[in-house]
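Here's the structure, in structure tokens; my notes come after.
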Amino acid sequence: MADTKKTQQQQAQAGTQTSASSGIPDFKSDRDELKEASQQFFRTLFQSGVHLVMAPMYILPDEPREHFITAGREITRGLSTLAQELANDFEKAVDQVKGEAEKVRGEVREQAEKMRGEAEEAIEEAEND
């Protein structure tokens, strides 16, 4: 009990520490502490949810339980593979669109150069006349 109070007092003092040079509270460490606490909270919440969902599995005999666990792993592996294949296909589509865009950009540049040349010729003809 005394250790808990001592730890709480140390945490309270650490929470009110200020920057040595400016006397301004150190909010960055507070933010980092809050971030870590939030991550730990959500991790624990997720693990609790998993255990709650898996609770009916624990009352099954060993063989059916292993079957369900294996099926779950296979489903997870399949979803992972599906996501990876979708990402690869999306990357191929992006590369294809980039290639087409470069081709169109080149054609536009050629047209612009051609039009610039024609405009210069027209200006020269108008100046000569």
Do we find that L34 is modelled with pLDDT of 70 or more, in a loop (DSSP other than H, G, I, E, B) and either surrounded by 10 or more Cβ atoms within 10 Å (Cβ to Cβ) or basic (K, R) (or both) in this structure? no
Exactly one of Q111, Q39 is surrounded by 10 or more Cβ atoms within 10 Å (Cβ to Cβ), part of a helix (DSSP H, G or I) and under 24 Å from the mean Cα position of the chain (by Cα), and that one is Q39
E85: at pLDDT 85 or above, on the phi < 0 side of the Ramachandran plot and either more than 34 Å from the chain's Cα centre (by Cα) or among the aromatic types (F, W, Y) (or both), yes or no? no
Look through G23, G15, G49 and report the one residue that is surrounded by 10 or more Cβ atoms within 10 Å (Cβ to Cβ) and at pLDDT below 85. G15
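Yes/no per residue for (1) loosely packed, with under 10 Cβ neighbours inside 10 Å; (2) outside any helix (DSSP H, G or I); (3) among the charged types (D, E, K, R):
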| position | (1), (2), (3) |
| --- | --- |
| M57 | no, no, no |
| E63 | yes, no, yes |
| F68 | no, no, no |
| A71 | no, no, no |
| T76 | no, no, no |
| S80 | no, no, no |
| A83 | no, no, no |
| N88 | no, no, no |
| E91 | no, no, yes |
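The values are calculated or read from the model by the stated rules, or taken from the named source; none is laboratory data. This one's a predicted model, so the numbers in the text were calculated from it and none came from an experiment. Every residue, glycine among them, receives a Cβ derived from its backbone with ideal geometry; neighbour counts consider all protein chains shown.
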